[in-house]
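Peer 1: Dropping a structure here in structure tokens format, bear with me for questions.
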Amino acid sequence: MQTLEQQRVLITGGSRGLGLGVVETLVARHADVTVVARDSARLAELKARLGVSIIPGDATDPKLAESAIREVRPSVLVLNAGAMPTMARLDEQTWESFSKNWNTDVKATFHWIQSALRLPLEHGSRVLISSSGAAIEGSPLSGGYAGAKRMIWLMAGYANGIANDLNLGIRFQAVLVRQIVGATELGRAAAEAYARRKGVSTEAFLAGFGKTLGPRDYGEHVVTLLTDPKYESATAFGVRGETGIQPLDA
């Protein structure tokens, strides 16, 4: 798609953090945006400020996934919902804290991918799925987060195989932010935890990533992924402030 103007976009987890950056950027491109999130108050503020449509609810609910896709019929689906990981060493985690991102991020992605394939989305639709650079480098202070994000990346590939077998014309793509984003709540908590581990300030730790990447910067990269034909075919992309978008091999 060469333009996002009037394109129907449905995004989960779009009320804060990187997801909010994507929503703001899509609205600036005159896309028809619908946001799914749990926090009704944040959604109401978002609707008043940006004029987006909103659907309050839990993204891990399969009935919500199906009903939202049926209602909106998006040409672009952005799966960004996820939990804040518990920042602690492996020996300090409980199974409940360790598995939090499997029970939220992976579960939500699983149900929305299934709905996108089963309904299905229209031929030519794009599905962008938020993974993480932790899927490559690991993340020793965030429990099962890295493994969950790796699974999400793999699921994008699995979904493409099914879409190809069924001739659905839907493209699933994982997006991996390959640096900690200090401007988000999750990123700040992670940066503080790893800075303490290294014995440096949070600012010094974040500076080690080079050029910063803010939520709106990320949103601009998402727009580029959706509108530049050279990014139509790869299954996964890394995003950094220094290097921009880079296709990744699984």
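Peer 1: Please compute the length gained on full extension between Arg38 and Ala207, using 0.36 nm multiplied by the number of residues separating them and subtracting their Cα-Cα distance. Provide the component values of the computation, followed by the final result.
Peer 2: On the way: separation 169, 0.36 × 169 = 60.84 nm, distance 3.26 nm.
Length difference between fully extended and current span is 57.6 nm.
Peer 1: Using every alpha carbon pair in the stretch 61-165, what percent of pairs falls into each 10 Å bin from 0 up to the bin containing the largest distance?
Peer 2: So the P(r) values, bin by bin, are 15, 44, 27, 12, 2.
Peer 1: Could you check the spin-label model distance between Gln246 and Ala28? Points 7 Å from the Cα along Cα→Cβ, value in nm.
Peer 2: 2.5 nm
Peer 1: Could I ask something else about it? How far is helix 62-72 tilted off the main Cα axis of the chain, in degrees rounded to 10, range 0 to 90?
Peer 2: 50 degrees
Peer 1: Tell me, what HN-Hα J-couplings in whole Hz come from the Karplus equation 6.51 cos²θ - 1.76 cosθ + 1.60 at θ = phi - 60° for each residue of the stretch 148-155, using x for Gly and Pro?
Peer 2: 4, 5, 5, 4, 4, 4, 4, 4
Peer 1: Still on this structure, please answer the following. Ignoring ligands, DNA and RNA, what accessible area per residue does the stretch 56-196 give at 1.4 Å, in Å²? Intermediate values should be presented prior to the final figure.
Peer 2: Numbers: 5940 Å² over 141 residues.
On a per-residue basis, 42 Å².
Peer 1: Okay, next question. Points 7 angstrom from Cα along the Cβ direction at Arg197 and Glu92: gap in nanometres?
Peer 2: Modelled inter-label distance: 1.0 nm.
Peer 1: Could you tell me what percent of the accessible area of the stretch 16-122 is made up of carbon and sulfur, with a 1.4 Å probe and every protein chain present? Kindly include the intermediate steps, with their values, before the conclusion.
Peer 2: Values: 2640 of 5090 Å².
Roughly 52 percent, rounded to a whole number.
Peer 1: By how many nm would the segment from Arg73 to Glu232 grow when fully extended, if each residue of separation counts as 0.36 nm and the alpha-carbon distance is taken off?
Peer 2: 55.2 nm
Peer 1: Turning to a different aspect of this structure: Please determine, in degrees from 0 to 90 and to the nearest 10, the orientation of helix 215-227 with respect to the longest principal axis defined by the Cα atoms of the chain, where the helix direction is its Cα long axis.
Peer 2: 40 degrees
Peer 1: Evaluated at 25 °C with a viscosity of 0.890 mPa s, what Stokes-Einstein diffusion coefficient in µm²/s does the chain have when Rh comes from the Kirkwood expression over alpha-carbon pairs? Don't jump to the answer; show the numbers that get you there.
Peer 2: Numbers: Rh = 18.1 Å.
Reported coefficient: 135 µm²/s.
Peer 1: While we're here: May I ask you to list the GluC sites (Glu not before Pro) in the stretch 145-250 that are in a DSSP loop and have at most 16 other Cβ atoms within 10 Å of their Cβ? Walk me through the intermediate numbers first.
Peer 2: Values: sites: Glu185, Glu192, Glu203, Glu220, Glu232, Glu242; in loops: Glu232, Glu242.
Sparse-neighbourhood loop GluC sites (Glu not before Pro): Glu232, Glu242.
Peer 1: Over the stretch 143-240, what percent of the accessible surface lies on carbon and sulfur atoms, probe 1.4 Å?
Peer 2: Working: 2220 of 4270 Å².
The value for the stretch 143-240 is 52 percent carbon and sulfur by accessible area.
The values are calculated or read from the model by the stated rules, or taken from the named source; none is laboratory data. The structure displayed is predicted, hence computed values, not measured ones. Neighbour counts run over all protein chains shown; Cβ positions are idealised from the backbone, glycine included. With ligands, DNA and RNA removed, areas are computed over all heavy atoms of the protein, side chains included. Shrake-Rupley method; radii C 1.70, N 1.55, O 1.52, S 1.80 Å.
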